[in-house]
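Structure, as structure tokens:
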Amino acid sequence: MWLVNSSIGRKVIMSLSGLFLIVFLCVHLTANMFMYVSPEAFGHACHFMGSPLVMTMVPVLAFGFVIHIVYAFILNARNLKARGNEAYRSGNKTQIPAASKNMLALGVIVLGGLAFHLTQFWAEMQLQVLLGRPEYPALANMGIEELAKPYALAKIYFGNVLFSIIYIIWIAALWFHLSHGFWSAFQTLGINNRVWFKRWNAIGIIFATIVCLGFISIPVSFLLGILN
Ligand code: HEM
């Protein structure tokens with residue numbers, strides 16, 4: 001009950017769910033990087049993501065997202081109520097990074113991008129498995145070999161400049177969210193001190209940059225013809 005009723009408990013839930021989502025991001029990025037190996041290698045990675053072992057994790061992942069988002073709104077509402085118009089007006093002139101002030105707004109952009117992404121990729125793959133239907137309805141009757149289908153789907157979407165730009169904006173919002181969220185999670189969990197404050201900050205920015213550049217490299221590579 002402490003985790004739900006106290007403000008520090010709610011922050012702990014936020015940090016644990018955030019770190020859980022970070023692990024998911026790493027797994028997802030690893031799968032995406034197989035696109036650089038070959039369409040078939042990426043196909044194998046996607047089949048692994050659709051395997052019963054990983055599929056049992058889908059509800060856990062969805063739960064992680066729901067908890068993180070619900071608590072984001074609860075924390076924000078309580079902060080606003082407690083501070084009123086004084087929200088984030090620092091008495092000691094401490095500079096507060098823009099990302100830390102806008103975590104909810106950044107989260108909402110991340111959520112919007114996620115919903116868009118789900119309709120384009122997840123709905124074609126895992127959702128069809130869950131419904132007991134053949135995967136990739138968008139590629140039906142195109143004569144594409146089964147293992148090459150996930151890559152073919154990515155090629156169609158990322159061949160569209162507008163879609164690629166929306167994707168890049170989405171990942172840029174994720175970068176800002178992570179650049180603050182990463183160290184903030186360790187701060188919340190008390191795995192921090194004067195020395196480690198700066199280190200977690202730097203590690204967070206390096207981590208967010210590697211992850212987000214990895215995701216963004218895919219549409220950029222399709223647009224530049226590095227992937228084709
Ligand atoms: C893959 C997606 C996401 C990841 C990896 C992620 C990660 C994180 C992490 C690590 C934190 C720091 C927790 C702490 O301060 O202890 C955080 C905070 C936060 N997240 Fe997310 N998040 C994601 C998506 C979202 C979404 C979709 C929303 C809302 C719609 C959201 C809203 C927030 C808010 C408001 C905070 C700040 C909470 C506070 O300290 O007051 N996040 N996130």
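The values are calculated or read from the model by the stated rules, or taken from the named source; none is laboratory data. Predicted model only: the values in this text are computed from it and were never measured. Note: ideal-geometry Cβ built from the backbone for every residue, glycine included; neighbour counts use all protein chains shown.
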* **First in the stretch 66-84 and under 15 Å from Thr188 (Cβ atoms), second anywhere and within 11 Å of the ligand (Cβ to nearest atom) and polar (S, T, N, Q), Cβ under 6 Å, 6 or more apart** => Ile67/Ser17; His68/Ser17
* Going through the stretch 113-139 one residue at a time, which ones are part of a helix (DSSP H, G or I) and hydrophobic (A, V, I, L, M, F, W, C)? -> Leu114, Ala115, Phe116, Leu118, Phe121, Trp122, Leu127, Val129, Leu130, Ala138, Leu139
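Table: residues versus (1) over 19 Å from Phe215 (Cα atoms); (2) among the β-branched types (Val, Ile, Thr).
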| residue | (1), (2) |
| --- | --- |
| Lys101 | yes, no |
| Leu106 | no, no |
| Ile109 | no, yes |
| Ala115 | no, no |
| Leu127 | yes, no |
| Leu131 | yes, no |
| Pro134 | yes, no |
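Within the stretch 68-79, identify whether any single residue is of a type in the set (Val, Ile, Thr) and at pLDDT 95 or above, and answer yes or no. Before you say what the answer is, go through the steps one by one.
First pass over the stretch 68-79, keeping only residues of a type in the set (Val, Ile, Thr): 69-70, 74.
Pick out the ones that are also at pLDDT 95 or above and you get 69-70.
Yes, the stretch 68-79 has at least one match.
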* Asked: How many residues, within the stretch 1-36, are more than 11 Å from the ligand (Cβ to nearest atom) and among the polar types (S, T, N, Q)?
  -> 4
* **The listed residue being more than 16 Å from the chain's Cα centre (by Cα) and modelled with pLDDT of 95 or more, out of Leu213, Leu189, Leu224** => Leu224
* State whether one or more residues within the stretch 209-228 are touching a Ser or Thr at 6+ places or on another chain (Cβ under 7 Å), β-branched (Val, Ile, Thr) and either under 21 Å from Gly107 (Cβ atoms) or surrounded by 18 or more Cβ atoms within 10 Å (Cβ to Cβ) (or both). => no
* Asked: Scanning for something surrounded by 15 or more Cβ atoms within 10 Å (Cβ to Cβ), within 15 Å of the ligand (Cβ to nearest atom) and part of a helix (DSSP H, G or I), does the stretch 42-54 turn up at least one residue?
  -> no
